[in-house]
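Some notes on the structure that comes next.
Read-outs throughout are calculated quantities, based only on the coordinates presented, and are distinct from any laboratory measurement. Keep in mind it's a predicted model, so treat the numbers as computed, not measured. With ideal geometry, Cβ positions are generated from the backbone for all residues, glycine too; neighbour counts draw on all protein chains shown.
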């Protein structure tokens, strides 16, 4: 795509951005390339800068506390080591995030912050892909804890339970038939993915955006599925998401994109 075409597509995206059906930017891990990923400070900063869509990752401690952490292990982003699933809540409270020095946040901290915020949307990703840590019995405990926390704190319709892990989605739907769930895939949206999402009872699907064609998006919409595209790293990616017809776009640069599109709108 030439620079001229990108500019035109971005301006079209901005124009559509004022419409009710414009894609909502989701701050991935709170804004993982702009702030300390999955820190409470990241979510607060992104919200204060105008973001109203968010994505985060949730795991379960040894004593059934829900903690926000992306990786399988603590080592990269925190002062801890090993699996958070092997720690108690009190042990997690003793840890800090390496970049900001903030405490490792619990899911309840995040939900409590957002509980009275209007017009928000949060994808709560269930990080349960490690089958050694999340057996079927453990998945039930996890889903019960997560569903209870979200239902008792956040407004209905403001959140979705999402995952790459079809077991987790199936367990959540079996325990709570009315739960809103969404399938994440590491590739293109196609007929098989749409079929799988529908069989699981999903209302959303999140494929890799630049591997997905417009027909697949149209087919998913006709099937009643909402669509989250990822990754969205630039204004050109945003314009692509608009052109394809996605209704949410996940980005590690939420403030940069939000402010850039806002500036163009005001010109």
Would you pick out the residues in segment 109-128 that are outside any helix (DSSP H, G or I) and out of contact with any strand residue (DSSP E or B) (no Cβ under 9 Å at 6 or more places or on another chain)?
115, 116, 117, 118, 119
Can you confirm whether residue 63 is over 14 Å from the mean Cα position of the chain (by Cα), free of Cβ contacts under 8 Å to residues at least 60 places away in the same chain and surrounded by fewer than 24 Cβ atoms within 10 Å (Cβ to Cβ)?
yes
Among the residues in segment 256-265, are any surrounded by fewer than 18 Cβ atoms within 10 Å (Cβ to Cβ), free of Cβ contacts under 8 Å to residues at least 40 places away in the same chain and farther than 27 Å from residue 48 by Cβ?
no
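Look at segment 214-230 and say how many of its residues are in contact (Cβ under 8 Å) with a residue 40 or more places away in the chain, touching a helix residue (DSSP H, G or I) at 6+ places or on another chain (Cβ under 7 Å) and surrounded by fewer than 21 Cβ atoms within 10 Å (Cβ to Cβ).
Of the residues in that region, 0 qualify.
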Can you run down the residue pairs with Cβ atoms below 9 Å, 6 or more apart or on separate chains, where the first is in segment 47-60 and at positive phi and touching a residue at least 40 places away in the same chain (Cβ under 8 Å) and the partner is surrounded by fewer than 24 Cβ atoms within 10 Å (Cβ to Cβ) and not in a strand (DSSP E or B)?
50/255; 50/258; 50/259; 50/262
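Mind telling me which of the residues 145, 168, 149 ends up being within 30 Å of residue 118 (Cβ to Cβ), part of a helix (DSSP H, G or I), in contact (Cβ under 8 Å) with a residue 40 or more places away in the chain and out of contact with any helix residue (DSSP H, G or I) (no Cβ under 7 Å at 6 or more places or on another chain)?
145
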Give segment 171-186 a look and list any residue that's under 18 Å from residue 230 (Cα atoms) and either in contact with a helix residue (DSSP H, G or I) (Cβ under 6 Å, 6 or more places away or on another chain) or crowded, with 21+ Cβ neighbours inside 10 Å (or both), or say none.
181, 182, 183, 184, 185
Restricting the search to segment 117-128, which residues are touching a residue at least 40 places away in the same chain (Cβ under 8 Å) and either closer than 19 Å to residue 251 by Cβ or surrounded by fewer than 18 Cβ atoms within 10 Å (Cβ to Cβ) (or both)?
117, 119, 120, 121, 122, 123, 124, 125
If I ask for residues that are surrounded by fewer than 20 Cβ atoms within 10 Å (Cβ to Cβ), part of a helix (DSSP H, G or I) and either without any contact (Cβ under 8 Å) to a residue 40 or more places away in the chain or out of contact with any strand residue (DSSP E or B) (no Cβ under 8 Å at 6 or more places or on another chain) (or both), which ones from segment 66-108 would you list?
86, 89, 90, 91, 93
